[in-house]
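S.K.: Got a structure here, written out as structure tokens. Questions coming.
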Amino acid sequence: MIKLFDYILSVNCYKQRLIMSILDVPFESIPVDFYPGLEHKGEEFKKINPLGHIPVIDDDGFMLRDAHAILVYLASKYDPTGLWYPVNSPELVGETTQWMLFAEGTTNTASAARLHVNLGYEFDIDSCREGAHRLFRVLDEHLWFREQENRDWVCSGEHPTIADIAIFPDVILSEEGGIARIDYPAIRRWTDRVKRLPGFLPMPGIFPTADARPLSHEV
Amino acid sequence: MLKYRHVRNLGFGGLEHPVMNLLGNPEVCTNGAILDLWHPVVPTSEIEVGIVRQVVLLGQAVSYSLTAPGTYFAWRTDPAIPAGTVFMPSVVTENLPVLHRYGYLWTSLGDPSESLFEIPEYDEPDRRNIHAATIGVYCSAPRAVENFLDLGHFPYVHTGVLGIEPHTEVVEYDVHVDPENNELWATNCRFFQPMAAATSTTGKTVGYEFRVPHPYCCLLYKTSPLDSSRVDAIGLFVRSVAPDYIEANMFLSLLDESSSDSFIRQFQQLIFAQDKPILENQNPKLLPLDPRAETPVRSDKLAIAYRRWLSDLGVTYGVLPKT
């Protein structure tokens with residue numbers, strides 16, 4: 001079984017739990033005492049990842065680090081439909097990569113602000129918040145135009161991709177870092193759509209949408 | 001980048017200034033009932049020998065350090081002794097009182113009692129005392145304490161862990177003030193929990209007691225999953241940074257020999273992180289002490305008593321006092 005070196009409050013670890021839940025891939029979570037223990041900076045953990053960060057996966061001896069690289073691997077290996085990482089379309093794989101790089105930006109701004117407020121990491125909070133709002137504005141406008149084309153996701157295909165999974169956690173937890181989403185209605189509609197994906201898994205701070213029967217259901 | 005718990009800029013005002021402004025209002029505590037208490041500064045496990053560090057307590061910057069022989073120091077921040085520099089005890093002109101208790105450094109900005117409230121479980125030899133985390137939350141200290149004292153939210157906020165529908169009933173429990181120590185207690189509480197502790201494997205009805213020995217500190221005692229005749233103790237020790245911003249310390253004293261610290265901490269952090277968005281969205285931010293300000297239900301008996309107890313103590317910081 002895949003082992004995920006995991007921390008419950010990490011957005012980057014959550015991205016892996018979320019994609020594996022959606023793809024129905026069983027995994028074992030190995031808790032790393034990221035905070036307050038700083039276990040990921042210790043000598044023992046550096047044997048697993050010399051860069052000293054999580055997540056890392058161990059898939060039957062194959063080790064991989066870096067959140068967005070792991071998403072690429074998991075979708076490539078465990079999604080038989082090939083839709084989550086759409087390598088068969090040059091355009092879509094290009095877009096997916098583009099938005100995964102965008103997610104590096106949301107992680108370094110919105111999620112950095114969250115680490116500062118929650119756990120006291122030393123970041124320039126003003127510039128984290130300004131940077132997050134700049135990216136959210138771009139994402140909100142982009143998603144609004146997608147909606148005009150009857151598209152639900154950040155890439156132009158009909159199916160969500162790992163780019164949605166990469167961006168979603170940074171966005172949905174932004175208010176913990178003091179970044180309100182009230183001015184981004186298209187983002188809010190998109191986060192609701194992500195929450196309704198079959199297999200969606202919440203994390204602390206993210207509330208699932210209510211269970212509802214389809215309208216046609218006969219009671 | 002990886003050193004935490006030092007000077008934290010909340011983004012609302014300059015912490016370089018010893019008086020912090022939050023949302024434009026002066027937030028320095030002048031409430032004697034609060035100033036005279038001991039307050040947690042930081043977990044001692046995070047204090048480095050010989051380095052000056054700084055936090056904000058009740059709107060005032062407080063510096064602290066530890067000498068090589070193991071003596072803790074705290075003082076009101078002095079620009080001549082900046083955070084991050086090497087600590088020399090002789091340069092501090094006026095020390096604040098300090099205590100090292102339950103794994104935390106405590107100080108007071110007023111005239112504190114000699115000792116802190118007692119947690120007898122802490123000294124039992126077969127217990128594990130663990131600091132689970134210090135987490136920043138945009139809420140008032142009394143809002144965080146009141147949430148900690150509430151069984152009713154378990155099935156909705158900690159779904160599948162501390163509660164689950166349809167087991168939502170909070171059965172009648174008893175509330176009293178212990179006259180000797182002026183502590184607030186709730187006893188004979190019972191609640192069905194699917195996963196009461198990190199070690200639980202099945203759901204069961206768990207016995208609870210809640211204890212509030214300090215306006216900003218509270219404990220709960222719950223049946224140990226390993227020994228039904230004894231209890232685990234879980235504490236929430238809040239440092240109020242501003243009336244509406246806290247750094248909450250989670251403390252555990254458990255009868256658990258098998259789980260790793262990492263596992264126990266992540267379980268506790270999971271619970272706390274589920275509460276966080278609820279706390280941050282409560283309005284008003286300050287806890288209203290007027291009994292007519294919010295509409296309680298029967299299960300809020302302890303919360304009602306807590307608000308009355310705060311009023312009786314003369315607490316005005318972090319609350320909307322009775323008019």
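The values are calculated or read from the model by the stated rules, or taken from the named source; none is laboratory data. Given the structure is predicted, the values throughout are model-derived calculations rather than measurements. FYI the Cβ positions are ideal-geometry reconstructions off the backbone, even for glycines, and counts take in every protein chain you see.
S.K.: Being buried (at least 18 other Cβ atoms within 10 Å of the Cβ), over 14 Å from A:C13 (Cβ atoms) and not acidic (D, E) is the filter here, so list the residues in segment A:49-72 that pass it.
M.R.: A:V72
S.K.: Which of the residues spanning segment A:103-116 are touching a Gly at 6+ places or on another chain (Cβ under 7 Å) and either aliphatic (A, V, I, L, M) or assigned to a loop (DSSP other than H, G, I, E, B) (or both)?
M.R.: Of everything in segment A:103-116, those that are touching a Gly at 6+ places or on another chain (Cβ under 7 Å) and either aliphatic (A, V, I, L, M) or assigned to a loop (DSSP other than H, G, I, E, B) (or both) turn out to be A:A110, A:A113.
S.K.: Would you tally the residues in segment A:22-81 being in a loop (DSSP other than H, G, I, E, B), of a type outside the set (D, E) and under 20 Å from A:I167 (Cα atoms)?
M.R.: 4
S.K.: Within segment B:47-63, track down each residue that is surrounded by fewer than 18 Cβ atoms within 10 Å (Cβ to Cβ) and farther than 20 Å from A:Y121 by Cβ.
M.R.: B:V49, B:G50 - these are the residues of segment B:47-63 that are surrounded by fewer than 18 Cβ atoms within 10 Å (Cβ to Cβ) and farther than 20 Å from A:Y121 by Cβ.
S.K.: So which residues in segment A:133-189 are in a loop (DSSP other than H, G, I, E, B) and aliphatic (A, V, I, L, M)?
M.R.: A:V154, A:L173, A:I179, A:A180, A:I182 - these are the residues of segment A:133-189 that are in a loop (DSSP other than H, G, I, E, B) and aliphatic (A, V, I, L, M).
S.K.: Looking at segment A:114-131, is at least one residue touching a residue at least 12 places away in the same chain (Cβ under 8 Å) and among the aromatic types (F, W, Y)?
M.R.: No - not one qualifying residue is present in segment A:114-131.
S.K.: Of the residues B:N147, B:N95, only one is among the polar types (S, T, N, Q) and either under 26 Å from B:P284 (Cβ atoms) or part of a strand (DSSP E or B) (or both); which?
M.R.: B:N147
S.K.: Would you check if B:L10 is under 22 Å from the mean Cα position of the chain (by Cα), part of a loop (DSSP other than H, G, I, E, B), at pLDDT 95 or above and not assigned by TED's automatic domain parsing to the domain that holds B:Y221?
M.R.: no
S.K.: While we're here: Go over the candidates B:A273, B:A293, B:A305 one by one and state the one that is within 26 Å of B:I119 (Cβ to Cβ), of a type outside the set (F, W, Y) and either free of Cβ contacts under 8 Å to residues at least 60 places away in the same chain or touching a helix residue (DSSP H, G or I) at 6+ places or on another chain (Cβ under 9 Å) (or both).
M.R.: Exactly one residue qualifies, and that residue is B:A273.
S.K.: Could you tell me which of the residues A:R146, A:R151 is farther than 26 Å from A:Y7 by Cα, touching a Ser or Thr at 6+ places or on another chain (Cβ under 8 Å), of a type outside the set (S, T, Y) and away from every other protein chain (no Cβ under 14 Å)?
M.R.: Within the list A:R146, A:R151, the selection yields A:R146.
S.K.: A further question follows. Please go through (1) at pLDDT 95 or above; (2) surrounded by 12 or more Cβ atoms within 10 Å (Cβ to Cβ); (3) not assigned by TED's automatic domain parsing to the domain that holds B:G235 for B:P82 and return the number of the only condition it doesn't satisfy.
M.R.: In the conditions (1) at pLDDT 95 or above; (2) surrounded by 12 or more Cβ atoms within 10 Å (Cβ to Cβ); (3) not assigned by TED's automatic domain parsing to the domain that holds B:G235, B:P82 misses (1) alone.
S.K.: Additional query: Look at segment A:3-62 and say how many of its residues are of a type in the set (D, E) and within 19 Å of A:H116 (Cα to Cα).
M.R.: Within segment A:3-62, residues that are of a type in the set (D, E) and within 19 Å of A:H116 (Cα to Cα) number 2.
S.K.: Being in contact (Cβ under 8 Å) with a residue 40 or more places away in the chain, out of contact with any Ser or Thr (no Cβ under 8 Å at 6 or more places or on another chain) and not aliphatic (A, V, I, L, M) is the filter here, so list the residues in segment B:228-238 that pass it.
M.R.: Listed by number, the list holds a single entry, B:F237.
S.K.: Kindly provide the set of residues from segment B:251-266 that are surrounded by 21 or more Cβ atoms within 10 Å (Cβ to Cβ) and at the interface with chain A (Cβ under 10 Å from one of its Cβ atoms), ordered by number.
M.R.: The answer is B:I264, B:R265, B:Q266.
S.K.: Given B:P155, B:P142, which one is outside any loop (DSSP other than H, G, I, E, B) and within 14 Å of another protein chain (Cβ to nearest Cβ)?
M.R.: That would be B:P155, the only listed residue that is outside any loop (DSSP other than H, G, I, E, B) and within 14 Å of another protein chain (Cβ to nearest Cβ).
S.K.: Counting just the residues of segment B:273-299 that are away from chain A (no Cβ under 14 Å) and among the aliphatic types (A, V, I, L, M), which one comes out surrounded by the fewest Cβ atoms within 10 Å (Cβ to Cβ)?
M.R.: B:V297
S.K.: Can you work out which of the residues in segment A:117-127 that are assigned to a helix (DSSP H, G or I) and facing another protein chain (nearest Cβ under 7 Å) is surrounded by the fewest Cβ atoms within 10 Å (Cβ to Cβ)?
M.R.: The residue in question is A:D126.
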